[in-house]
Amino acid sequence: MSQDRFLALPKLELPNSSGHVSVTAPSNIALVKYWGKESVQIPKNASISFTLKECLTKTSLHYKPIEIMGEQSKRTVDDVSFEVYVSGVLKPEFGTKIQIFFQRIRPYLPWIYCFDWRIETDNSFPHGSGIASSASGFAALAGALMQLEGTWSQEEQSEKWLYEKTSFLARLGSGSAARSISGPLMYWGYHPNLPKSNNLFAVALTQNLSQVFLDYHDTILLVDKGQKAVSSSVGHNLMHDHPFSSQRFVQAQHHIERLLGILNSGDLEAFCDLVETEALTLHAMMMTSKPSYILLKPNTLAVIERVRAYRKDCQIPVCFTLDAGANVHLLYPSACASKVLPWIKEELSFFCENGQYIEDKVGTGLEII
Ligand code: PMV
């Protein structure tokens, strides 16, 4: 698979007036985790995730052709001219990450240099909730840009190619963003058992899927809403000289194979076992990095213990997974929601900051509004 298939389209008619496009993109939660990469955003192992439905970024992307500015453009040769607003507030601190993204996508969307951009973005989940907005944020930005390219192209592109290029671009902003484009399950990274799997973009997992996973619930317990002590990019980098990384990458590929069987059979006991192993392995890799670090909090562990006890005592297949942070994602089939939700409220909300949790479930990905 070559990235050349996403290079600049030859026949584009760029507008000479301003306009905007708006999209929403969800966050996603990995079941088999991506942790460790090569440059640029090439994963060391394949990953599979649930696309979420309620944790969304909404982005309105405003463009203004540089020619009609009537003033000296702020643009330099290398920089794209843009401003980012989050919930209406100008956020210059996001500038560097987005500028890097723009430079990475330049060969694929060279016209981004022909406009001044205003990126207006809002998250549906509480600000600073510890839920990473980079996956939904870059998926939304890539989706908005691709919507423009599709509109301005003089040649009809297939929907499949548009999705693939959107995922490809989103990946260049944040690896996991590649998986937020579609749903309900997505895979990214080469694995011999995953058809069309590759390291450049994510693919929707639609075949051999038990019905039970099509409306799975994810209730996110906001155990700690603070800023992470160690960022994901630093964490990925620490996998380079990690004593266990090569075994981890092999293990992840085996876990993909096992998960595919489970997703097919609907064996929820095996699902809980595998998903929890993956979550704890991700954090074990962090704890054994050099320097080591711990993102889990005492309340994360308190929740984990209660989830395991509840599953055993009540024989209800609810399990936990974790992202690179202290919050806990509780995964369970919709048929169990009437029992699990009151239990979360009564027994687990106590461990959340301000008693806060988000009721989410699997979703279908990017939407143009
Ligand atoms: O997308 P990044 O580069 O921020 O990496 C995030 C990786 C995890 O969220 C921890 C796991 C995953 O597969 O989503």
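The values are calculated or read from the model by the stated rules, or taken from the named source; none is laboratory data. The structure displayed is predicted, hence computed values, not measured ones. FYI the Cβ positions are ideal-geometry reconstructions off the backbone, even for glycines, and counts take in every protein chain you see. Just the protein is used for accessible areas: all its heavy atoms, side chains included, with ligands, DNA and RNA removed. Shrake-Rupley method; radii C 1.70, N 1.55, O 1.52, S 1.80 Å.
Structure data summary
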item: Residue-count net charge about Glu149 - beta-carbon cut-off 12 Å; Lys, Arg +1, Asp, Glu -1; result: 0
item: Net +/- balance of residues flanking Asn299 in space, Cβ distance below 9 Å, scoring K and R +1, D and E -1; result: -1
item: Protection proxy ranking, peptides 24-32, 175-183, average beta carbon neighbours within 10 Å, highest first; result: 175-183, 24-32
item: Listed residues Asn327, Tyr293, Leu263: farthest to the positive end of the dipole of the chain (Cβ charges); result: Tyr293
item: The range 341-365 versus the range 117-137: alpha-carbon centroid distance in Å; result: 19 Å
item: Convex hull volume of the chain per residue (C-alpha atoms, cubic angstrom); result: 136 Å³
item: Heavy-atom accessible surface of the range 239-369: percent carbon and sulfur, 1.4 Å; result: 53 percent
item: Distant-in-sequence amide H partners of Val223 (H built 1.01 Å from N, under 5 Å); result: Asn327, Val328, Glu353
item: Solvent-accessible surface (1.4 angstrom probe) belonging to Tyr163, in square angstrom, nearest 10; result: 90 Å²
item: Heavy atoms of Asp313: accessible area, 1.4 Å probe, square angstrom to 10; result: 120 Å²
item: Accessible area of Leu301 in the full protein assembly, 1.4 Å probe (Å², nearest 10); result: 90 Å²
item: Highest-MSF residue in the chain out of Leu172, Leu162, Leu205 [GNM, Cα springs under 10 Å]; result: Leu162
item: Isotropic mean projected area of the C-alpha convex hull, the range 200-254 (nm²); result: 6.9 nm²
